[in-house]
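Asks: Structure in structure tokens, see below.
What follows draws every value from the coordinates through simple rules; no lab data is involved. It should be emphasised that the depicted structure is a prediction, and the values quoted were computed from it without experimental measurement. Cβ: placed from backbone, ideal geometry, glycine included. Neighbour counts: every protein chain shown.
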Amino acid sequence: MSGAEEQMQQLRSKATELLLREEWRDSIQLYSELIDLCQSQISNTHQHSDPDHLSKLHKSLCVAFSNRAEARSKLQHFTQALNDCDQALQIEATHFKTLICKGKILLCLNRYFNALDCFKAALFDPQGNGNLDIVNGYLEKCKKLEFQSRTGSFDLSDWVLNGFRGKPLELAEYIGPVKVNRSEISGRGLFATKNIDTGTLVLVTKAIAIERGILGGQDSAENAQLVMWKNFIDKVKEAVTRCQRTQLLIDMLSTGENEAGLEVPDMSIFRPEIEENGCSNDQKLDMDKILSILDVNSLVEEAVSAKVLGKNSDFYGVGLWILVSFINHSCNPNARRLHVGDYVIVHASRDVKAGEEITFMYFDALSPLEKRVEMSLSWGFNCRCSRCKFEEAVCSKQELREIEIGLEKGVDVGGAVYRLEEGMKRWAVRGKGKGYLRASFWAAYAEVYGSDRSMKRWGRRIPAMETVVDSVVEVMGSDERLLKVVVEGLKKSGGVVEFERAMKLGRGFYGKVIKKQALRTLLEIGINDKGY
Ligand SMILES: C[S@@+](CC[C@H](N)C(=O)[O-])C[C@H]1O[C@@H](n2cnc3c(N)ncnc32)[C@H](O)[C@@H]1O
């Protein structure tokens, strides 16, 4: 054995040992040395043209690239790992281990179609025959995810009926009929390119980074939140350093300043199939900018999502999702978001017309104007949605303030609702306007409809619950609190017609990711008083 061969042999066994011990960085280092040595040996061997020796060297080089790809993929250095896979496959087009490694990386990058090609090719390698179950498992998974990402046909029924237990579902990324455009609300927004009916999926997106934890008691909660925020920033930083595409995507997000001048990106850049052009990130990170971007665009897995997912109130999760970051807030939203694992699912919570802006709530919009202004300011902006503009004009009315103050002081809620309804007649508030104001005072309406005593006293003088719910849903989309009042009403009356209303509300709240039968079951559980 020549000196060079001996050196290669030693490097190979040390690198393999490190790979087996999962010491990824060190093994990458040794495989890089091995690759250099192999390559220089190959160029020397060419001169002597010993075909057997040459083929052995090529084999070694292929395996070294393949193993370095594996180590790099474990560190999530996906672009570099893919380059290594391609180098290995240039030497041996059906190299089994490389094809599996490349397929798995492409799956992680949500490039299902390309992943499918890799697993199909793996079947042509002799090793594929011995590992049919493994390859078929990956093929099935790819086909399912590819179908989901193309069609948006997700079915979370079993998982929801199971009380959101079990391991997080494997979901594909999906972009529905939407595009980013200039918004009248602020900067850019996401717009429907087709009519979208209630419950239909708008998009499913995986987090760039996410950090979760349990907060615990008051003092420790604040600390825990700070630590989590710091960890979250570190994760984003790492993701940006690792991948140029991630950096470019994050760089496009708003810092909350001068939104009117921000570029409107083409939708193609959000498609994961787009090749990454090299991962070497020479561009220096502007950490101040990234921090402002995180401040403006990070979402907390709060309130409804956490509740829907059966988590307790101490649960806290913070994450960044790119396409979701283009969705503006509105107090008359038409979409909702649901967090499932690392994914955010956005669906229409009421019918949306082509060209309409897709919006959801950053904070609870079933509240009076003054509260909403407070919440919007704490988010760092002054809400410019159509409902706020409308209410700012109407709410100058002294009487409306009096109703609000009265409710705060604990006046009879039925009386307050009656006064508001009479006021709306006098102020000539019609159509959507009624829905806006009823949404602002929804808590009072819900209290009246939920109390037999109030209904006995005020029932004949205020509009029926169905009328009010319909007008609020028209401007707010579905909401669990509206659904609750309808289901309670159903329990009392046992009405069949109302069940259809509840089903429509349920569809708007949960989205079509829950199939009809499962939704029926959920609502029936609610009607039988076991809670939904
Ligand atoms: C997650 S970004 C939404 C997309 C952003 N408009 C853009 O151009 O990238 C959040 C920022 O959008 C703006 N924004 C969102 N909803 C708004 C609203 N209802 N009224 C005013 N500004 C809003 C605020 O500047 C907020 O900080």
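Asks: Only Lys, Arg, Asp and Glu count, each charged at its Cβ (+1, +1, -1, -1), so figure out the dipole size of the chain about its Cα centre, rounded to 20 debye.
Replies: 2220
Asks: Going by the alpha-carbon gyration tensor, a ≥ b ≥ c the square roots of its eigenvalues, is the range 171-360 rounded (a/c under 1.5) or, if a/c is not under 1.5, prolate (a/b greater than b/c) versus oblate?
Replies: Note, shape of the range 171-360 comes out oblate.
Asks: Let me ask something else. Check the straight Cα-Cα distances from LYS397 and name the lysines below 27 Å, setting aside those fewer than 8 residues away within the same chain.
Replies: LYS371, LYS389, LYS409, LYS425, LYS432, LYS434
Asks: While we're on this one: List the lysines whose alpha-carbon lies under 20 Å from that of LYS456, not counting same-chain residues fewer than 8 positions away?
Replies: LYS491, LYS492
Asks: By average Cβ neighbour count within 10 Å, what is the ranking of 422-435, 468-481, 239-252 from highest down?
Replies: Ranking, from highest mean packing down: 468-481, 239-252, 422-435.
Asks: Also: Can you pick out the pairs among LYS141/LYS516; LYS141/LYS289; LYS14/LYS230 whose Cα atoms lie more than 31 Å from each other?
Replies: Cα-Cα > 31 Å for LYS141/LYS289; LYS14/LYS230; rest within.
Asks: Once both axes come from the Cα atoms, what is the angle between helix 413-426 and the longest principal axis of the chain, in degrees from 0 to 90, rounded to 10?
Replies: 80
Asks: If you take the charge dipole of the range 313-420 about its Cα centre, with +1 on Lys and Arg Cβ and -1 on Asp and Glu Cβ, which of GLY415, PHE390, LEU320 is farthest toward its positive end?
Replies: Highest projection toward the positive end goes to PHE390.
Asks: Rounded, prolate or oblate: pick one for the range 3-151, where a ≥ b ≥ c are the square roots of the eigenvalues of its C-alpha gyration tensor, a/c under 1.5 means rounded, and failing that, prolate if a/b is larger than b/c, else oblate.
Replies: Because a/c hits 1.5 or more and a/b exceeds b/c, the range 3-151 counts as prolate.
Asks: Next question, about the same structure. Take the alpha carbon atoms of the range 209-239, find their center, do the same for the range 366-426, and report the distance between the two centers in whole angstrom.
Replies: 35
Asks: Given 37 °C and 0.692 mPa s, compute D for the chain with the Stokes-Einstein relation, Rh being the Kirkwood radius over Cα pairs; round to the nearest whole µm²/s.
Replies: 124
Asks: Using the Cα centre as the reference, give the magnitude of the dipole from point charges on the C-beta atoms of the range 28-109 (Lys, Arg: +1; Asp, Glu: -1; all else neutral), rounded to the nearest 20 debye.
Replies: Charge dipole, the range 28-109, about its Cα centre: 360 debye, nearest 20.
Asks: Name the residue farthest towards the positive end of the dipole of the chain from the options VAL473, GLN225, TYR510, assuming +1 on Cβ of Lys and Arg, -1 on Cβ of Asp and Glu, about the Cα centre.
Replies: Going by the charge dipole, the pick is VAL473.
Asks: Follow-up. Using alpha carbons only, how many angstrom separate the centre of the range 254-273 from the centre of the range 105-139?
Replies: Each part's Cα centre sits 34 Å from the other's.
Asks: Excluding residues fewer than 8 places away in the same chain, name every one of the aspartates and glutamates whose C-alpha is closer than 15 Å to that of LYS235.
Replies: Output for LYS235: GLU211, ASP295, ASP342.
Asks: While we're on this one: Given VAL300, LEU523, VAL264, which one lies farthest toward the positive end of the charge dipole of the chain, if we put +1 on the Cβ of every Lys and Arg and -1 on the Cβ of every Asp and Glu?
Replies: The residue sitting farthest along the positive end of the dipole is LEU523.
Asks: Expressed as an acute angle from 0 to 90° and rounded to the nearest 10, what is the orientation of the C-alpha long axis of helix 287-297 relative to the principal long axis of the chain?
Replies: 40
Asks: Which angle between 0 and 90 degrees, to the nearest 10, do you get for helix 480-493 versus the longest principal axis of the chain when only C-alpha atoms count?
Replies: Approximately 50 degrees, to the nearest 10.
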